[in-house]
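Everything on this sheet refers to the single structure shown next.
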Amino acid sequence: MSLETELRKRPGRAPSPWALDVGGSRSLSAVRKTSVLLSGFVLLSVLVLPGCVLANANLQEVAPARLYRSGQMDAATLQRNVERLGIRTVINLRGGGARNRFWREEVEVCRELGVVHHDLHWRESRLPAPTSLAAYVSWLREAPEPILVHCKAGVQRAAVGAAVFLLREGWSPAVARRQFGLLFLDARVGDVVDLYEGSKLPFDRWVLEVYPGLYRQSPEGRTE
């Protein structure tokens, strides 16, 4: 099945909650009042709703004692949460390396606490490469739990990492997409979930047997 056929099957996206009908008889005052209400809702969503940022590096529980997702933590916050939650594996989806302070500090905390550390470089604007997605799936299968998966803000790449975990567990794409919050903004990396929609294969098999072909037909695959 072609990439175009797979994407054609993706469910329609809900209209933006921020869309305003400012035509007709709606007064400027009403529009301003609505804007104020929306601004308050946006602030609330940033503070507390799934898939949004701020408190405790956007740390969220995906599956109790099995998988957590977050944004980038500083060394002290990471150590506190590793010890509090008993984290045994950290998967970093934002890449990095020794030239990056955040990466050096994260690796050092994991080394001191005996935590397994893995790195992948996913981008919000691209599908993950087949080898990268297969590696992530293998770590979900084999790494000691609980696992913490993170990106920079915990909003897009970590959300997809959480969605992939749920697909592996047998949950539907609709349930997996609940990890995509208001600030996910239809990020391209989330198309992995859409491409899997309708497949009869277990997710792990699909990643190995079907996804590489779909990726080769994608803009990312055609430019590599």
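The values are calculated or read from the model by the stated rules, or taken from the named source; none is laboratory data. Model, not experiment: these values are computed from the prediction. When we count neighbours, we look across all protein chains shown, and the Cβ atoms used for this are built from the backbone with ideal geometry, even at glycine.
If the requirement is being among the hydroxyl-bearing types (Ser, Thr, Tyr), farther than 26 Å from ARG222 by Cα and either surrounded by fewer than 18 Cβ atoms within 10 Å (Cβ to Cβ) or touching a residue at least 40 places away in the same chain (Cβ under 8 Å) (or both), which of these qualifies: SER132, SER125, SER138, SER172?
Numbers: SER132 fails: farther than 26 Å from ARG222 by Cα; SER125 fails: farther than 26 Å from ARG222 by Cα; SER138 fails: farther than 26 Å from ARG222 by Cα.
Residue meeting the stated conditions: SER172.
Within the bounds of segment 37-57, is there any residue that is modelled with pLDDT of 95 or more, buried (at least 19 other Cβ atoms within 10 Å of the Cβ) and not in a helix (DSSP H, G or I)?
Initially, segment 37-57 is screened for residues modelled with pLDDT of 95 or more, giving none.
No, segment 37-57 has no match at all.
Can you tell which of LEU113, LEU166, LEU127, LEU120 is over 26 Å from PRO212 (Cα atoms) and in contact with a helix residue (DSSP H, G or I) (Cβ under 6 Å, 6 or more places away or on another chain)?
LEU113
Report yes if some residue within segment 205-214 is surrounded by 15 or more Cβ atoms within 10 Å (Cβ to Cβ), more than 28 Å from HIS117 (Cβ to Cβ) and touching a Leu at 6+ places or on another chain (Cβ under 7 Å); otherwise report no.
yes
Quick one: how many residues across segment 86-107 are part of a helix (DSSP H, G or I) and either of a type in the set (A, V, I, L, M, F, W, C) or touching a Cys at 6+ places or on another chain (Cβ under 6 Å) (or both)?
3
How do the helices (runs of 4 or more DSSP H) wholly within segment 108-224 filter down when requiring 1 or more residues that are within 13 Å of the chain's Cα centre (by Cα), hydroxyl-bearing (Ser, Thr, Tyr) and under 19 Å from GLN72 (Cβ atoms): which remain?
Result: 130-142.
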